[in-house]
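As C-alpha cells, the structure follows; a few thoughts come after it.
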C-alpha cells in the first residue's frame with residue numbers, strides 16, 4: 001500500500017493506492033472518493049458503556065464512539081482518498097512492534113488493516129469526557145495516517161513538557177504522562193480558558209497540532225443558533 | 001475589469017479591479033470583504049426563488065444577490081467565500097456548461113452568463129441540506145469556493161465520490177447517486193450518498209466535508225429547553 | 001524577547017523564549033505547550049495602568065461576555081523561570097495568520113478584540129466602550145486601543161490583507177482586524193438603501209475616511225455561521 005499526502009499543509013488529502021487484496025481501515029467519515037471497483041465493509045469499534053442506546057446518544061452528540069470502514073481493491077489496483085473533518089495537515093507514521101502509539105481520537109484517519117486499535121485501554125479513560133476527547137492505542141506493524149487540526153509539530157522529547165490536551169495529536173509509548181488542570185484552583189480554571197494539560201516526561205515522540213478543536217468549536221458554537229431540546 | 005486570486009490555496013480571496021465606470025460584478029450575499037468607497041451596491045432577488053425560500057426558512061442564507069457597479073476606473077472590490085478553503089475562477093466560452101454545487105457559488109462577471117437553478121438535474125443531488133446543482137452556461141467568468149483544497153480528477157471511465165465533497169464538474173460526465181455501503185453518516189443529517197460518475201470530464205472535489213463540520217459543531221451549540229407543558 | 005511565528009500562513013502559532021522574570025500576557029485559552037519552569041497566572045485584562053473603577057467595569061464586561069460565550073477579557077501571564085528552558089507556544093482558536101507589531105510608545109494600533117493574541121512590555125490594551133448595545137450584541141464591534149511600548153501579536157481568521165487607505169473605503173465589520181494612522185470610520189448598513197440593509201446578507205460595514213493602513217482578514221466567523229446554519233439540525 002502506498003500513501004501519498006497531497007495539499008499539505010492546509011487541507012491535506014491522503015491518497016491510498018491499494019494492490020489487489022490489500023485492505024485499508026479508515027475512520028468512518030473519512031472517505032472522499034474511490035475507484036469504482038473498491039469494495040467497502042463495515043466494522044464498529046465502540047468505546048464506553050451504555051449499550052446500543054448509550055452508543056447512539058454519544059455518537060449523536062459527538063461523543064466517544066469510534067467507527068471504521070474497511071476498503072479493499074477487488075481484482076485490480078485501486079485508490080481511496082481520505083480526509084478528516086477539520087482543516088490541517090496529515091502525516092504517515094510507520095508503526096512497528098517495538099512501540100505503541102496513543103492517538104487522540106479525532107486525529108486518527110486510517111491504518112493498514114491488521115493494526116490493532118483499542119479504545120478501552122486503561123490510563124486515559126475518564127479524564128477527558130468533559131473535553132470531548134478520547135485516545136486510541138494502536139499496536140502492530142504498518143502505516144498509520146494521522147491528521148492535525150492545523151500544522152503538525154513533531155517533537156522528539158527527552159525530558160519534560162506541559163501540553164494542552166486539545167493540541168495533542170499522538171505520542172509514542174516511552175513517554176509517561178499525568179493529567180492535571182492547567183490552572184491552580186477552580187476560578188482560575190474557569191477564567192483562564194485553559195482546560196486540562198498533559199504533563200509529559202521520558203523519551204519518545206510527540207506530535208502536536210497548531211490548533212485546538214475544542215477552542216474552535218467553542219468560538220464558532222457560541223455564535224450558532226441554539227439547539228432545541 | 002480584471003480579477004486576481006489572492007492567497008491560494010489557504011483562505012483564498014479575490015480582488016476585482018474595475019477598469020471603467022459602469023462595469024459590474026454580481027456576488028453572493030455575504031461575500032464582500034471590502035470595496036472602494038465609490039462602488040455602488042444594489043440588492044436583488046436571485047433566481048430559483050422556491051429553493052432559495054426553503055433555504056431561508058432553514059435559517060441560513062439570504063434570498064438575494066448583490067450587484068457591485070463601479071463609478072470610476074481603478075475602484076476595487078474584495079470578495080471571499082464563507083468556508084475555510086480555496087477560491088477559483090473559471091472562464092466559460094459561449095454555450096459552455098459547467099455544473100456547480102450551489103453552496104460553492106461566490107460571484108460572476110459577464111451579463112451573458114446564465115445561471116440555471118431549476119434545470120432537470122438540479123434536485124436530489126445532495127443529501128437534502130438545501131443544496132442543489134447549478135447549471136452555469138457561458139460566456140462569462142464564475143468564481144466558486146470550497147471547504148478545503150480543490151482536487152481535480154480527470155475522469156476517463158468511472159469514478160466514485162462522496163457527494164458532500166463535490167464542488168463541480170464539466171459536461172461529458174454522467175452521474176448516478178446511490179447510498180454508501182459503509183458506516184458513514186448514520187448520525188449525520190446527510191444520507192451518506194455517493195455519486196458514480198462515468199464518461200470523460202473534470203470532476204472538482206473539495207478535500208473537506210461541510211456536513212462533517214456541522215456535525216462536529218453540534219455539541220458546541222447552546223441548548224435551549226423548549227417550553228412545554230409536562 | 002525571542003519570538004517566532006511557525007505554521008503560517010494558515011495555522012500560525014507563536015513560539016517565544018522568556019528571559020528570567022520576563023513576562024508575556026496572552027488571551028485566555030491560548031497556551032499550546034510550555035516548559036515546566038514557566039509560570040502561568042490568570043488576570044483580568046483591565047489595561048496596564050487601570051484604576052479601580054476601570055477594573056470593576058472591565059470585570060463586569062468580561063464576565064458577561066464570558067457567559068454569553070464571547071471572548072473573555074481575562075489574560076494569562078507567563079513568566080520566564082530563573083533557570084532552565086523557558087519556551088511557551090501560543091495559538092488562537094481560529095485558523096489564520098499571526099502578525100507582530102512593535103509599538104514604540106508614540107503610535108497606536110486599534111485592534112478588533114477577537115484578534116488580540118498576546119503582548120509584552122508596557123502595552124496597554126484599552127477596550128473602547130460602545131455602550132450597552134456593544135455589550136449584548138453578538139456581532140459586537142469590540143475594539144481595543146493598543147498603545148505603549150513593546151511587542152504586540154495579532155491574529156486573523158484566514159489570510160491577512162493589508163490595504164493602504166487614502167479616501168473612502170468600505171469594510172465588512174467581520175473582516176476588520178486592525179487599523180492605524182489617520183483614519184476615522186462610521187458604522188452602517190452595507191449600502192443599497194433600506195432594502196440593502198435588511199436583505200443584502202451583508203452585515204454592518206465600517207466606512208473609513210482619511211489615510212492609514214487597514215488590516216483585513218479573508219474570512220469572517222459570521223460568514224461561517226451563515227454557511228453552516230442550513231446544515232445544522
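Determine whether the stretch B:133-140 contains at least one residue that is at pLDDT 70 or above and within 12 Å of another protein chain (Cβ to nearest Cβ).
Of the residues in the stretch B:133-140, the ones at pLDDT 70 or above are B:133-140.
Those still in the list that are within 12 Å of another protein chain (Cβ to nearest Cβ) too: none.
Taking every residue of the stretch B:133-140 in turn, none turns out to be at pLDDT 70 or above and within 12 Å of another protein chain (Cβ to nearest Cβ).
If you scan the stretch A:147-166, which residues turn out to be assigned to a strand (DSSP E or B) and more than 10 Å from every other protein chain (Cβ to nearest Cβ)?
First, the residues of the stretch A:147-166 that are assigned to a strand (DSSP E or B): A:147, A:150, A:152-164.
Within the stretch A:147-166, A:147, A:154, A:156, A:157, A:158 qualify.
Is it fair to say residue A:146 is modelled with pLDDT of 95 or more, more than 16 Å from the chain's Cα centre (by Cα) and buried (at least 17 other Cβ atoms within 10 Å of the Cβ)?
Values: modelled with pLDDT of 95 or more: yes; more than 16 Å from the chain's Cα centre (by Cα): no; buried (at least 17 other Cβ atoms within 10 Å of the Cβ): yes.
No.
Filter the stretch A:13-33 for residues that are more than 7 Å from every other protein chain (Cβ to nearest Cβ) and outside any strand (DSSP E or B); which is nearest to residue B:206 (Cα to Cα)? Steps first, answer last, please.
Pass one, the stretch A:13-33, residues more than 7 Å from every other protein chain (Cβ to nearest Cβ): A:14-27, A:30.
Next, only the ones that are outside any strand (DSSP E or B) stay: A:19-22, A:30.
On the way: A:19: 26, A:20: 27, A:21: 28, A:22: 26, A:30: 13 Å.
Applying the filter and picking the extreme gives A:30.
Give just the number: which of (1) modelled with pLDDT of 85 or more; (2) surrounded by fewer than 16 Cβ atoms within 10 Å (Cβ to Cβ); (3) in contact with a strand residue (DSSP E or B) (Cβ under 9 Å, 6 or more places away or on another chain) does residue B:75 not satisfy?
(2)
On the given criteria, is residue A:101 modelled with pLDDT of 90 or more and within 13 Å of chain B (Cβ to nearest Cβ)? Show your work before the answer.
Working: modelled with pLDDT of 90 or more: yes; within 13 Å of chain B (Cβ to nearest Cβ): no.
It is false that residue A:101 is modelled with pLDDT of 90 or more and within 13 Å of chain B (Cβ to nearest Cβ).
Just the residues that are touching a residue at least 40 places away in the same chain (Cβ under 8 Å) and touching a helix residue (DSSP H, G or I) at 6+ places or on another chain (Cβ under 9 Å), please, taken from the stretch A:196-216. Walk me through how you get there before you give the answer.
Residues of the stretch A:196-216 that are touching a residue at least 40 places away in the same chain (Cβ under 8 Å), as a first pass: A:196, A:200-216.
If the condition is that a residue be touching a residue at least 40 places away in the same chain (Cβ under 8 Å) and touching a helix residue (DSSP H, G or I) at 6+ places or on another chain (Cβ under 9 Å), then A:196, A:207, A:208, A:209, A:210, A:211, A:212, A:213, A:214, A:215, A:216 are the ones that fit.
Cβ-Cβ below 6 Å, separation at least six or inter-chain, first residue in the stretch C:168-190 and farther than 17 Å from residue C:109 by Cβ and away from every other protein chain (no Cβ under 12 Å), second surrounded by fewer than 23 Cβ atoms within 10 Å (Cβ to Cβ) and at pLDDT below 90: which pairs?
Pairs that qualify, where the first residue is farther than 17 Å from residue C:109 by Cβ and away from every other protein chain (no Cβ under 12 Å) and the partner is surrounded by fewer than 23 Cβ atoms within 10 Å (Cβ to Cβ) and at pLDDT below 90, are C:187/C:204; C:187/C:206.
Among the residues of the stretch A:201-215, write down those that are modelled with pLDDT of 95 or more, within 19 Å of the chain's Cα centre (by Cα) and not in a loop (DSSP other than H, G, I, E, B).
A:204, A:205, A:206, A:207, A:208, A:209
Out of (1) at the interface with another protein chain (Cβ under 10 Å from one of its Cβ atoms); (2) at pLDDT below 55, the odd one out for residue A:65 is which?
(2)
So, in the stretch B:7-39, how many residues would count as being more than 7 Å from every other protein chain (Cβ to nearest Cβ), outside any loop (DSSP other than H, G, I, E, B) and modelled with pLDDT of 90 or more?
8
Residues that are within 13 Å of another protein chain (Cβ to nearest Cβ) and modelled with pLDDT under 90: list the strands (runs of 3 or more DSSP E) wholly contained in the stretch C:17-108 that include at least 3 such residues. First the steps, then the outcome.
Details: elements: C:23-27, C:31-34, C:39-44, C:74-79, C:87-90, C:98-104.
Once the strands (runs of 3 or more DSSP E) in the stretch C:17-108 are filtered for at least 3 residues that are within 13 Å of another protein chain (Cβ to nearest Cβ) and modelled with pLDDT under 90, what remains is C:39-44, C:74-79.
The values are calculated or read from the model by the stated rules, or taken from the named source; none is laboratory data. Keep in mind the model is a prediction, meaning the values are calculated, not measured. Here Cβ is always computed from backbone atoms with ideal geometry, including for glycine, and neighbour counts include all displayed protein chains.
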